[in-house]
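To keep things clear, I will list the structure first and then write my remarks on it.
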Amino acid sequence: MNKFMTTFNLTFFSKIKAKSFIFTTLIIIAGMFIAFNLDKIINLFNSDDEALMLEVDAEESFLTVFEPTLASFDDTIEIVDSDGSATLEIVSTEPLQAEIRMDEEISDTREQNIQLALNETNRAYVLQTLNLSEAEISQMYEEVPVDFLVASEEGSGGFEAADADETNILNMVIFYFSVILMFIILISYASQIATEIANEKSSRVIEMIVSSIRPTQHLMAKIFAMIAVSVLQIVLITIGGLIAFYFSDTTELLDQFGLEANDQTLKIIIYCIIFVILGLILYLSVSAMLGSFINRMEDLQQGLMPVTFLSMIGYFIALGGISFADNIAVTITSYFPFFTPFVMPLRLLVNDTGHAPMIIGIVIMIITIIITLLLAGYIYKRSVLSTESGIMKNIKRIRK
């Protein structure tokens, strides 16, 4: 046990002291501070904060409709009688045609808001020419009521209201962040652990190492050290995110982007953390196993191709399946252990997904991780002193 801890501590502390670990962690935390204060940063560079004095050259009847309409689209534009920095001239009312003269250019947002207000005013003018009553005008703008019904599960031939599965934006953001974070850390540490193991074998340092510690014990110490480093980085990023959230006034940001929690939010946070950790453990174990086949650094990238391909497929399924989270293809792939950490949390975006699929996915991953670790130890013990130059030759040697 002492030899295991010696190898574990050596690998663990060398990794957390590395500049790549420190810089990556700080950059991600800094990114979260920026994200939580995005509205304030936008306001710093937003010239729309300063009111625009708009002089309108039009009849009083036009102003009566246009002024409140414009205020509903943009309250930073103030209509004045004279000395405005921009002048809106109504060239014609049938059809409505306008021209704006400015002392200096205004933002695209303000241009769009003025355009929208003019469109709405023009619509009101057209409705007036049709001599419609207020009731008829209101009826034109009313939303058509539609009842969406599905066949009753009881088989009675009746229909019942369909469940509304509107995707929550905040839950989607949490899911995206967890998947992207896992993919970045996974690719980084998978390469690191495979490189360390392959480098020891190619430099023949392993001959001295195995003379004082059992090969399987040495491998497991390295795997668990890398797992601990990756989990520590996730914990630090999570703590940094919570600090950024606590010290940032996110109320306006949440309102601006429509981010509201629902009854699935806490569940998706917990399961995303669990699947990110399990995903890292699984892929790091596989990377260590693949690194055991490699005796030359030139074969490293070829040896890691399965990890790269599997993680990329899972990553793209997760990102591409966001619009059909309840599809049968998503359900099936969520139970394939190498795709489970990417795809299973995606199913939580559907409101009727319960705990049972998540627990099944966790059990499948734990079983796969145990099998992978046992297989990695077996392969490493049989190939640790191998001098074969090719991966396929090493595989054939292990099978003997």
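Quick note: the coordinates plus some simple rules give every number you see, no bench work behind them. Predicted, not measured: the structure shown is a model, and the values here were computed from it. Don't worry about glycine lacking a Cβ; one is built from the backbone with ideal geometry, like all the others, and counts go over all protein chains shown.
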Subject >> In Hz, Karplus ³J(HN,Hα) per residue of region 100-107 (6.51, -1.76, 1.60; θ = phi - 60°; x = Gly, Pro) >> reply: 10, 10, 10, 6, 8, 5, 9, 5
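Below 13 angstrom from the Cβ of THR69, what's the summed charge of the other residues (Lys, Arg +1; Asp, Glu -1)?
Details: positive: ARG123; negative: GLU67, ASP74, ASP75, GLU120.
Once all neighbours under 13 Å are counted, the net charge is -3.
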**OP:** Using label points projected 7 Å from each Cα along Cα→Cβ, tell me how many nm separate ILE332 and TYR176, to one decimal.
**Re:** 2.9 nm
Subject >> Neighbourhood net charge (13 Å Cβ-Cβ; Lys/Arg +1, Asp/Glu -1) for TYR125 >> reply: -2
Subject >> Virtual spin-label span in nm between THR109 and ASN199, 7 Å along Cα→Cβ >> reply: 4.9 nm
Original post:
What is the sum of charges around ASP57, taking Lys and Arg as +1, Asp and Glu as -1, for the other residues whose C-beta is under 11 Å from the C-beta of ASP57?
Top reply: -4
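Take the residue pairs LYS19/LYS381; LYS222/LYS381; LYS3/LYS381 and return only those whose Cα atoms are more than 25 Å apart.
Numbers: LYS19/LYS381 32 Å; LYS222/LYS381 14 Å; LYS3/LYS381 17 Å.
Going by Cα-Cα distance, LYS19/LYS381 fall outside the 25 Å limit.
When you count, for each residue, the other Cβ atoms within 10 Å and take the mean per peptide, how do 168-177, 224-233 rank with the highest first?
Taking the mean over residues of other Cβ atoms within 10 Å, the ranking is 224-233, 168-177.
Within 10 Å of each residue's Cβ, count the other Cβ atoms and sort ASP103, ASP57 from fewest upward. Could you put the intermediate results ahead of the total?
Values: ASP103 10, ASP57 14.
Lowest count first: ASP103, ASP57.
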Original post:
Which distance in nm do the two modelled labels at LEU132 and GLN97 give, with both placed 7 Å along the Cα-to-Cβ direction?
Top reply: 2.5 nm
**OP:** Work out the FRET efficiency for ASP263 and PHE23 from their Cβ-Cβ distance, taking R0 = 41 Å, and round it to the nearest 0.05.
**Re:** 0.60
